[in-house]
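The values are calculated or read from the model by the stated rules, or taken from the named source; none is laboratory data. Everything numeric in this text was worked out from a predicted model, so none of it was measured. Here the Cβ positions follow ideal geometry from the backbone for every residue, glycine too, while neighbour counts run over all protein chains shown. These accessible areas exclude ligands, DNA and RNA; they are computed on the full protein's heavy atoms, side chains included. Shrake-Rupley method; radii C 1.70, N 1.55, O 1.52, S 1.80 Å.
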Amino acid sequence: MTTAALLVLADGRFPAGTHAHSGGAEAAVRAGRIVDSATLADFCRGRLHTSGLVASGLAAAAAGGHNPRDLDEAADARTPSPALRRTSRKLGRQLMRAGRAVWPSAALDDLAQACPGGAHEPVVLGLLALSAGLSPLDAAHAAAYESVSVPTTAAVRLLGLDPFEASAVLARLAPSINKIAEGGTQAARSGIDALPAAAAPLLEITAEDHATWPVRLFAS
Amino acid sequence: MHLDPPAPFPHRHTHSAQPAGAEPALRNGGLRALRVGLGGPVGSGKTATVAALCRALREEFSLAVVTNDIYTREDAAFLLRAAVLPPERIAAVETGACPHTAIRDDISANLEAVEDLEHAAASSGGLDLILVESGGDNLTATFSKGLVDAQIFVIDVAAGDDIPRKGGPGITTADLLVVNKTDLAPHVGSDLAAMARDAEAQRGSRPVAFTSIKAEDGVSPIADWTRARLAAWKQETVAL
Ligand SMILES: Nc1nc2c(ncn2[C@@H]2O[C@H](COP(=O)(O)OP(=O)(O)O)[C@@H](O)[C@H]2O)c(=O)[nH]1
Ligand SMILES: [Mg+2]
């Protein structure tokens, strides 16, 4: 019954603002680290196993009923870069807006009231999954998938990459996406302090630099 | 075929207008700012129109502007340099290489900018009018009704006098079609009478304004249209 709700939530067309973000892909393209579908796959694998895993754990914990305010602090602690924190809160605020219209709930209203400037995106995603009747594992899947779908969509636009090859990159990552989602969900069962804290220093550093570019296609 | 002119404001879409986690910043008892989108191809004169509109209307109304630059902050920077409004009344939205997505398919970043402007202005009496300039796109790019209450589509005579004939959602459905840069018509051999005929064929009785924004008072037809929309908006809101 709820599988279809997961498709709605994870659809790249879900109007929550991610289309204007590249998940670090724009900086990686400029630096010559993403040049084709093979290097895009490398980039995505790295992002999935670091920020993707962290996001999966946070989303699973939020969907599992952990206190979203505490999770928001846990997300801050796992996001050293101020630029990435800003981006995550901005996207969280936009996801909140869409989410409250699509699957309204008192829990979403409460978090929106508590964090008018936006809670971290994976926390909102998890709470939204809960509002949609989805499980923690579903929420973790959505977070893990988004960690690779956002840079892939951006790379298609930035490089004129063959869109079939780009989708094949995502398809080949599917087993890893499942594993990451399961790992995040597993960790969330042991409480907030057990949530993954895998760091991606290069993503943090390039995000800080990217935020200062005067000319760029993507907001992050 | 003649289309009936659209009802002034068929949809209020207050849900989209509802900020997350806060009450909307309303002016004088329940009236939120009218939101007008300006769309049309790159270079047709949208930013020039926004700047001229601000100059023409800022004494009468409380205004703010959202720009949607494609890959820079040029438009916002231009408006700031021209000092048409104070900096806290101008917000720039980044559109991720897809300007039409940001005004139609996924309006979240634009709604956020609109609400931030409303909240920032709340303590000084709120806003009457918010202009949202699109990043410039093709002839099919129109604004979502969840983002704006009315839209202006700006084309120019120098891009070819066959554009009104080609139609498309912007040309046919915008609440006001502006054909700008009429001063260039003699230089580029554009037939303004033919453009007017084609526009009427596409739009029925919906209004079309021929303008030369760069000329003295060139924006006045658009300013007059905007004043009329604002008056209708206030009446409709009072009647609710
Ligand atoms: N000749 C002429 N140039 C104009 C007119 N309106 C705008 N322009 C110029 O057209 C160029 C593009 O205008 P701009 O407002 O930036 O277009 P936008 O991309 O639609 O925002 C600028 O150089 C303007 O000065 C007009 O009525 N006549
Ligand atoms: Mg412009």
**Threshold 30 Å², segment B:105-153 residues less accessible with all protein chains present than alone (1.4 Å probe)** = B:D106, B:S108, B:E112
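Among all lysine pairs in the protein assembly as shown that are eight or more places apart or on different chains, how many have alpha carbons less than 23 angstrom apart?
Values: A:K90/B:K145; B:K46/B:K145; B:K46/B:K166; B:K46/B:K181; B:K46/B:K214; B:K145/B:K234; B:K166/B:K181; B:K181/B:K214.
Lysine pairs satisfying the spacing and distance rule in the protein assembly as shown number 8.
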**Item:** Burial ranking of peptide ranges A:40-53, B:68-81 (average Cβ count within 10 Å, highest at the top)
**Value:** A:40-53, B:68-81
**Message:** Just to confirm a number: summing +1 for Lys and Arg and -1 for Asp and Glu over residues other than B:A201 whose beta-carbon lies under 12 angstrom from that of B:A201, what do you get?
**Reply:** +3
**Per-residue mean of C-beta atoms belonging to partner chains within 10 Å, peptide A:94-100** = 5
**Message:** I'd like to know how the protein assembly as shown sits against the 2.2 N^0.38 Å rule of thumb: what's its Cα Rg over that expected value?
**Reply:** 1.03
**Message:** Am I reading the B/A interface right? What is its buried accessible area, both sides, 1.4 Å probe, to the nearest 100 Å²?
**Reply:** 2000
**Request:** Return the distance in nm (one decimal) between the two label points of a simple spin-label model at A:D36 and B:E236, each offset 7 Å from Cα along Cα→Cβ.
**Result:** 5.5
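Net charge near A:A75, counting Lys/Arg +1 and Asp/Glu -1 over other residues with Cβ under 11 Å of its Cβ? Before the final figure, lay out the partial values.
Working: positive: A:R69, A:R78, A:R85, A:R89; negative: A:D70, A:D72, A:E73, A:D76, A:E121.
Surrounding charge for A:A75 is -1.
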**Complete:** Each residue of A:13-25 has, on average, a number of other protein chain C-beta atoms within 10 Å of its C-beta equal to 5
**Asked** At a 1.4 Å probe, what is the % contribution of carbon and sulfur to the accessible area of segment A:30-210?
**Response** 56
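For B:I107, what charge total do you get from the other residues with a beta carbon under 12 Å from its beta carbon, if Lys and Arg give +1 and Asp and Glu give -1?
Numbers: positive: A:R97, B:R35, B:R104, B:K145; negative: B:D105, B:D106, B:E112, B:E115.
Neighbourhood net charge equals 0.
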**Prompt:** For chain A, what percent of Cα pairs sit more than 26 Å apart?
**Reply:** 28
**Fill in**
Among residues of segment A:193-220, a drop of 50 Å² or more in 1.4 Å probe accessible area, assembly relative to the chain on its own, occurs for A:R216, A:L217
**Prompt:** Computed over the Cα atoms of segment B:31-239, what is the convex hull's projected area averaged over all directions, in nm²?
**Reply:** 11.1
**Request:** Please calculate how many Å² of accessible area segment A:30-210 carries per residue, with a 1.4 Å probe and no DNA, RNA or ligand atoms counted.
**Result:** 41
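Mind checking B:91-97 for the average number of partner chain beta-carbons within 10 Å of each residue's beta-carbon?
Details: counts 0, 0, 3, 8, 5, 16, 12.
The per-residue average across the peptide is 6.
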**Item:** At 0.692 mPa s and 37 °C, Stokes diffusion of segment B:147-200 via Kirkwood alpha-carbon radius, µm² per second
**Value:** 288
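With a 1.4 Å probe and every protein chain left in place, work out the accessible area per residue of segment B:31-239 in Å², rounded to a whole number. Walk me through the numbers before you get to the answer.
Numbers: 7690 Å² over 209 residues.
Result: 37 Å² of accessible area for each residue.
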**For chain A, built as a Gaussian network whose Cα springs stay under 10 Å, the top-fluctuating residue of A:L71, A:L202, A:L158** = A:L202
**Item:** Carbon and sulfur %, accessible surface of segment B:31-239 computed with the full protein complex present, 1.4 Å
**Value:** 53
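What is the packing order of peptides A:56-66, A:77-87, B:147-157, taking the mean over residues of other C-beta atoms within 10 Å and listing the highest first?
On the way: A:56-66: 28.9, A:77-87: 17.5, B:147-157: 26.1.
Averaged packing, sorted descending, gives the order A:56-66, B:147-157, A:77-87.
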